[in-house]
Amino acid sequence: EKPKAERLSVEQEGKFTEDMKSLFEKLKPSEASGDRRRRFLEKLERLLNREWPGHDIQVHAFGSTENHLCMIDSDIDVCIKTSWDGLKSTCYLAARLAKCGMERVVCVPGAKVPIVKIWDPEYQVACDMNVNSTLALDNTKMIKTYVEIDERVRPLAMIIKHWTKRRVLNDAAGGGTLSSYTWICMILNFLQTRDPPILPALHQRPHKKRPPINGVDVSFDDDIETLKGFGHNNKETLGELLFAFFKKYGHELDYEKKVISVRHGKLLSKEEKNWQYLQNNRLCVEEPFNFTRNLGNTADDSSVRGLHLEFRRAHRILSEDADLATVCEQYEFP
Ligand code: GTP
Ligand code: MG
């Protein structure tokens, strides 16, 4: 199938950018919801230190609570930092949280990163917490920095996230599709590879090296004052960018050969990464810190085929009548 249109007409582009701006206003979480999140985090920290006094337990939010890409129904991701070994058992932590009035408590001790999931009925928020897995704090800081560099990143990324949720493409664990984190990496790389680029590759710019954490280099350029305005030579509007995003992933990217790399700010080849024979390597998205990991491996071949069709569907709808509401229509299972 050939792309229907190379570009949007001026009228389509204008209408579409306006639609995106008003959708973005609706997606932005309210003051009240930000408040609820903050108060929940304070309560959790108080509660943990009351249960286990003398261990200086700190609660750090990460993920969308911190990276400016929070949606109304986003969970709160929390890293509990403590030098005390007692909290290493997530099931022990879970049992105590259940006693303190938390609901829907689940511990997942065997996961890559063991977590406890809870629902707080008082503040009506869902929370996933890990203990001392601090890499997520660093990759959250990276995303936050990218979002702050150019004012187009936040609305574009929020709208694409909204689209992934409505089209049921945002469930890495249960649905065999991609996590928000993987989607964000695909959006950032798209913006790094515009001509001229809208985002730099923070890992490639000169920066102060920090000591590695568990063998992982966590440093990148985070000097937001010098980074701001990086993309100003690129004049593309939100409408043009969303259209180009669907076109790139629907019609241009060579999934067979390429690896999406935020760390390098470009596409790499599967050969140079030695990823030709990885399992589930149809869609390759390099984890920017643990760069031997393919974030795309949560989607198998048939799932990637489904994603590909969704990109093409969105691109086709936009080239026909630039209707954002139809693009983001809730997917109904047949
Ligand atoms: P929503 O919850 O959907 O609003 O988005 P989110 O930005 O919070 O993303 P998500 O809940 O998928 O992930 C939260 C954070 O966990 C991300 O910002 C990353 O810091 C981290 N994370 C998620 N998945 C991975 C992964 O596969 N590898 C690594 N290293 N970190 C991850
Ligand atoms: Mg989250």
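Annotations for the structure displayed:
- Selection of trypsin sites (Lys or Arg not before Pro), region 145-236, meeting DSSP coil and at most 10 other Cβ within 10 Å: Lys208, Lys209, Lys235
- Using the Karplus relation 6.51 cos²θ - 1.76 cosθ + 1.60 with θ = phi - 60°, the per-residue 3J(HN,Hα) values for region 39-51 come to 5, 4, 5, 5, 4, 4, 5, 4, 4, 5, 6, 6, 5 Hz, with x marking Gly and Pro.
- Measuring only protein heavy atoms, the 1.4 Å probe finds His207 accessible over about 50 Å².
- By accessible area, using a 1.4 Å probe on protein heavy atoms only, region 31-133 has 51% of its surface on carbon and sulfur.
- Isolated Cys residues of the chain, judged by Cβ distance under 4.7 Å to other cysteines: Cys70, Cys79, Cys100, Cys127, Cys185, Cys284, Cys328
- Once all protein chains are placed together, His232 keeps about 90 Å² accessible to a 1.4 angstrom probe.
- Fraction of accessible area attributable to carbon and sulfur, region 213-263 (%, probe 1.4 Å): 46
- For the pair Asn280 and Arg166, the difference between a 0.36 nm per residue extended length and the Cα-Cα distance amounts to 38.6 nm.
- Potential extension, Asn49-Lys208 segment - 0.36 nm per residue separation minus Cα distance: 53.8 nm
- Within the chain, the longest run free of exposed loop sites, counting chymotrypsin sites (Phe, Trp or Tyr not before Pro) that sit outside DSSP helix and strand states (H, G, I, E, B) and have at most 15 other Cβ atoms within 10 Å, spans 85-276.
- Restricting region 238-334 to trypsin sites (Lys or Arg not before Pro) that sit in a DSSP loop and have at most 15 other Cβ atoms within 10 Å of their own Cβ leaves Lys257, Arg293.
- The Asp301 and Thr326 beta-carbon pair, evaluated with R₀ = 35 Å, returns a calculated FRET efficiency of approximately 0.80.
- Stretching the chain fully between Ile72 and Lys258 yields a gain of 63.5 nm (0.36 nm per residue, less the alpha carbon separation).
- Compared with the dominant Cα axis of the chain, that is its longest principal axis, helix 10-27 is turned about 10°.
- Using equal-weight Cα scatterers in the Debye expression, the normalised intensity of the chain in log10 at q = 0.14 Å⁻¹ is -1.23.
The values are calculated or read from the model by the stated rules, or taken from the named source; none is laboratory data. Model, not experiment: these values are computed from the prediction. Every residue, glycine among them, receives a Cβ derived from its backbone with ideal geometry; neighbour counts consider all protein chains shown. Note: areas computed on protein heavy atoms with side chains; ligands, DNA, RNA excluded. Shrake-Rupley method; radii C 1.70, N 1.55, O 1.52, S 1.80 Å.
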